[in-house]
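Read the figures in this text as sums done on the coordinates, not as results from a lab. Fair warning: this is a prediction, and the values are worked out from it, not measured in the lab. Cβ placement follows ideal geometry from the backbone for every residue including glycine, while neighbour counts extend to all protein chains displayed.
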Amino acid sequence: MKTYNKYLASLIAFAFVGCTDYVEGINENPHQLGVKDAESKNIFQSALLANQYFQTTNNVRNTMLWMNQANGEDRQYVPLNNWNNNTSSDSDSAWNLAYVNCLTQIKIGEEKANMENNAKSLGALQIIEASCVGTITSLWGDIPYSEFDINKDNNKPKFDKQSDVYKQLQLLLDQSIVNLSKAGAIPGSLDIYYGGNTTKWTQLAYSLKARYYLHVKDYANAKSNALKGINTASNDFKAIFGGTTSGQNFNPFYEFLEYERPGYMSGKGYAPSLLNPASPLSRNNSKTDESARSGFIYTGALGDESLNIDGLDNDEENGKFGSDSSLPLVTYGEMLLIIAEVDARTSLSAGVTSYNKYRALLDTGYSIGVSNSGYAGLTFNYDVYADADFNSGGMENLDNITPTNALLREIYQERYIYFLGNYEAFTDFRRTSNIAQIVLKSGFTGTPQRLIYAQDEINTNPNVPSPLPTITTKTEVHN
């Protein structure tokens, strides 16, 4: 595994994330004993930003292509439609973002918080660590974690089993919750998400616990933690972008689609056909109107869609991928969907009741527009479903599958749309054996199951699994 001087890694995180508003004091060594509080706080924020960047950049776009939420249209993005063309070098950027930028920054910040006896700041950083590492293990399966050590030169850590990593993350999140109740203070002025509010950070910790219990199919614990998780839209954990400077603080989708590679990637695929009322595959029915959400995510005629990067720079309302549009990472909507899924596995009525709570949230405009208030004057409607709608012959079960599976299919189709631009759509496809019945692009062998290990890691760490798994090899947990 590549290792870097810790001070250099701090500089890399600031430069790569590109948030120049937050770099005051960066020329002082933040890891040196006796530095001012400001330097410690800046490390805290660099860790947040590094994780945010890892969660929202190029490999997310790759999974969108594979999940038929978008389409590669030009040059190297055409072969990327075929997941089998993915190579180890395609993972180098994301792997370095995860380990060099994100996890290294977090470990430095945790050391600083321990040195300062700041348990609350440590707790928040542990949550960011769980966010980063949970995504890494979900994407790659077995990963270096327990032996990853920023204080060792030429560290060659073992690869922990994916199931063991999830267990370690649950313990880490438990520690974070305890630490948030202790002495210290989260640096509120540099906490771009919650302004130092420990209640919101604690809800985020429970939300991640719920997500990771769902990943390993521990449904009872997934629900119990979701009930303690994010409980209002205002507490959603979102990637935040300034949207003012190319190469620095644009939404990464906007940066790519507008400046770096215009024309390389369109919105064509299966996902827009589910939303567009004119499509024969549409989810729209007498109780559901997806017009506003369709317009928020996609623009253009049916079958010729683009991802919506409209924004105030064009004197228009921001679309989902506008220059300063936030990207949901962990949210209240996700918690309601977790509860609905778990309840659906218990009984149809319980599942429908819980799913209707989520639909009631959608009916307020949630996830439709930057301000959760609808989009561009387009209509939306999410009326209450009845149990009968999922019975054989009901409006949500015209193909006469079991009522439970019909409800689960609806919930997972909703998650497929809700998680556009988020790795969870890819995770859901793998862990549920495609209950949502998503139609992938045709003509390609197998189905995508993971990211391939980075070439940099293969070259430097003899502990990389052998034989190397392919992109269609299922991970231990997501099968």
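Using Cβ point charges alone (K and R +1, D and E -1), the dipole size of the chain about the Cα centre works out to roughly 1220 debye. Summarising the amide proton neighbourhood of LEU329: residues at separation of 5 or more, or on other chains, whose placed amide H is nearer than 5 Å comprise PHE237, LYS238, ALA239.
Label the stretch 212-294 by shape, choosing from rounded, prolate and oblate, from the square roots a ≥ b ≥ c of the eigenvalues of the Cα gyration tensor; if a/c is under 1.5 it is rounded, and otherwise prolate applies when a/b is larger than b/c, oblate when it is not. Note, shape of the stretch 212-294 comes out oblate.
One-quarter of the Cα convex hull surface for the stretch 358-476, in nm²? Spell out each step's value before the answer.
Numbers: hull surface 45.1 nm².
Value for the stretch 358-476: 11.3 nm².
Of the residues GLY141, ALA124, VAL216, the one whose Cα sits farthest towards the positive end of the charge dipole of the stretch 111-252 is VAL216 (charges of +1 on Lys and Arg Cβ, -1 on Asp and Glu Cβ, taken about the Cα centre). Remark: the stretch 302-342 projects, on average over all directions, an area of 4.6 nm² (convex hull of Cα atoms). Simple rule: put +1 on each Lys or Arg Cβ and -1 on each Asp or Glu Cβ in the chain, find the dipole, and look at LEU80, GLY446, SER347; the Cα lying farthest toward the positive end is SER347. Each principal axis of the stretch 298-426 carries a Cα extent, and these read 48, 30, 27 Å when sorted largest first.
Using Cα pairs under 8 angstrom and six or more residues apart, how large is the relative contact order of the stretch 134-238, in percent? Kindly include the intermediate steps, with their values, before the conclusion.
Values: 114 pairs, mean separation 20.0, N = 105.
Rounded, it is 19 percent for the stretch 134-238.
Remark: C-alpha extents of the stretch 79-136 on the principal axes read 51, 15, 9 Å, sorted largest to smallest.
Between LEU312 and ALA278, the simple spin-label model (points 7 angstrom out along Cα→Cβ) gives 3.1 nm.
Compute the label zone of LYS287 within the stretch 378-395: residues whose backbone N is under 14 Å from the point 7 Å along Cα-to-Cβ. Only 381-395 pass the distance filter. Note on the stretch 191-349: Rg/Rh from Cα positions, Kirkwood definition for Rh, rounded to two decimals, is 1.03.
For the stretch 133-238, the Cβ-based charge dipole about the Cα centre amounts to some 300 debye (Lys, Arg positive; Asp, Glu negative; other atoms uncharged). Among the helices of the chain, those built from whole DSSP H runs whose Cα atoms reach 20 Å or more along their own axis and whose mean Kyte-Doolittle hydropathy is at least -0.5 are 37-56, 119-140, 162-180, 348-362.
Translational diffusion of the stretch 163-265, estimated by Stokes-Einstein from the Kirkwood radius over alpha carbon pairs at 25 °C in a medium of 0.890 mPa s, is 153 µm² per second. Evaluating kT/(6 pi eta Rh) at 10 °C and 1.306 mPa s, with the Kirkwood radius of the stretch 186-228 over Cα pairs in the Stokes-Einstein relation, gives 145 µm² s⁻¹. Ranked by the mean number of other Cβ atoms within 10 Å per residue, highest first, peptides 146-156, 75-85, 322-332, 304-314 order as 322-332, 304-314, 75-85, 146-156. Any idea what the relative contact order of the chain is, in percent, if you count C-alpha pairs under 8 Å spaced at least 6 apart? Contact order relative to length: 18 percent. For the pair the stretch 196-262 and the stretch 424-455, the centres of their Cα atoms are 21 angstrom apart.
If N is the number of residues in the chain, what value comes out of its Cα radius of gyration divided by 2.2 N^0.38 Å?
Numbers: Rg = 21.7 Å, N = 479, 2.2 N^0.38 = 23.0 Å.
Here the answer is 0.94, to two decimals.
The reciprocal of the average 1/r between distinct C-alpha atoms defines the Kirkwood hydrodynamic radius, which for the stretch 123-202 equals 13.9 Å.
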